[in-house]
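Worksheet for the structure shown next.
The values are calculated or read from the model by the stated rules, or taken from the named source; none is laboratory data. A quick note: this is a predicted structure, and the numbers were derived from the prediction, not measured. Because the Cβ atoms are built from the backbone with ideal geometry, glycine has one as well, and the counts that use them run over all protein chains shown.
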Amino acid sequence: MDEEPNPPADAPYPYSGPPAMRAPIEAALRQVVDPEIAMNIVDVGLVYAVDVTDGQVHVRMTMTSAACPVTDVIIDEVQTELGRVVAMETIDVELVWEPPWTPDRMSAEAKDFMGW
């Protein structure tokens, strides 16, 4: 697994894999909007990590609530958007609940948008 020698200090989530793939992957993830919040999943803080290895993109993410009614829609959109920018055999989205999501994970822009 390739590690970036100097990952961006303001990276919204941990990334491991080819450095050249970081930006297109993040751009694709920013296309996925949580319809309940009307913001992209990166700014909301739902993406916990992205790992790119031999033929696979693995995304660890969460939802703002375990009762989120649009979980399947968001996961499908993550796979669709990533499929548009990476030529990988597998795009795996792992839904995790630990650590639990909190508003602290939101970007400054998202907090401002929400009036926090």
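Given the criteria charged (D, E, K, R), within 17 Å of Met114 (Cβ to Cβ) and either touching a residue at least 40 places away in the same chain (Cβ under 8 Å) or in a strand (DSSP E or B) (or both), does Asp51 qualify?
Numbers: charged (D, E, K, R): yes; within 17 Å of Met114 (Cβ to Cβ): no; either touching a residue at least 40 places away in the same chain (Cβ under 8 Å) or in a strand (DSSP E or B) (or both): yes.
For Asp51, the condition - charged (D, E, K, R), within 17 Å of Met114 (Cβ to Cβ) and either touching a residue at least 40 places away in the same chain (Cβ under 8 Å) or in a strand (DSSP E or B) (or both) - is not met.
Quick check on the stretch 45-63: of everything there that is over 16 Å from Glu98 (Cα atoms) and β-branched (Val, Ile, Thr), which residue is surrounded by the fewest Cβ atoms within 10 Å (Cβ to Cβ)? I'd like the intermediate steps shown before the answer.
Quick first cut of the stretch 45-63, residues over 16 Å from Glu98 (Cα atoms) only: 51-58.
With the extra rule that they be β-branched (Val, Ile, Thr), the set shrinks to 52-53, 57.
Numbers: Val52: 20, Thr53: 14, Val57: 24.
The residue in question is Thr53.
Condition check ((1) part of a loop (DSSP other than H, G, I, E, B); (2) exposed (fewer than 15 other Cβ atoms within 10 Å of the Cβ); (3) of a type in the set (Ser, Thr, Tyr); (4) in contact (Cβ under 8 Å) with a residue 40 or more places away in the chain) across all residues:
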site: Ala23; (1), (2), (3), (4): no, yes, no, no
site: Glu26; (1), (2), (3), (4): no, no, no, no
site: Val42; (1), (2), (3), (4): no, no, no, yes
site: Ser65; (1), (2), (3), (4): yes, yes, yes, no
site: Ile74; (1), (2), (3), (4): no, no, no, yes
site: Arg84; (1), (2), (3), (4): no, yes, no, yes
Kindly provide the set of residues from the stretch 79-96 that are over 14 Å from Val32 (Cβ atoms) and of a type in the set (D, E, K, R), ordered by number. Glu89, Asp92, Glu94
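How many residues are among the β-branched types (Val, Ile, Thr) and free of Cβ contacts under 8 Å to residues at least 60 places away in the same chain if we restrict to the stretch 28-40?
Counting residues in the stretch 28-40 that are among the β-branched types (Val, Ile, Thr) and free of Cβ contacts under 8 Å to residues at least 60 places away in the same chain gives 2.
Report whether or not Leu95 is under 15 Å from Ile25 (Cα atoms) and either among the aliphatic types (A, V, I, L, M) or modelled with pLDDT of 95 or more (or both).
Judged against the criteria, Leu95 is not a match.
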If I filter the stretch 28-37 for residues that are within 22 Å of Gly115 (Cα to Cα), in a strand (DSSP E or B) and acidic (Asp, Glu), do I get at least one hit? yes
Show the residue pairs that are 6+ apart or on different chains and have beta-carbon atoms under 9 Å apart, the first residue being within the stretch 87-101 and assigned to a strand (DSSP E or B), the second being of a type in the set (Lys, Arg). Val93/Arg60; Glu94/Arg60; Leu95/Arg60
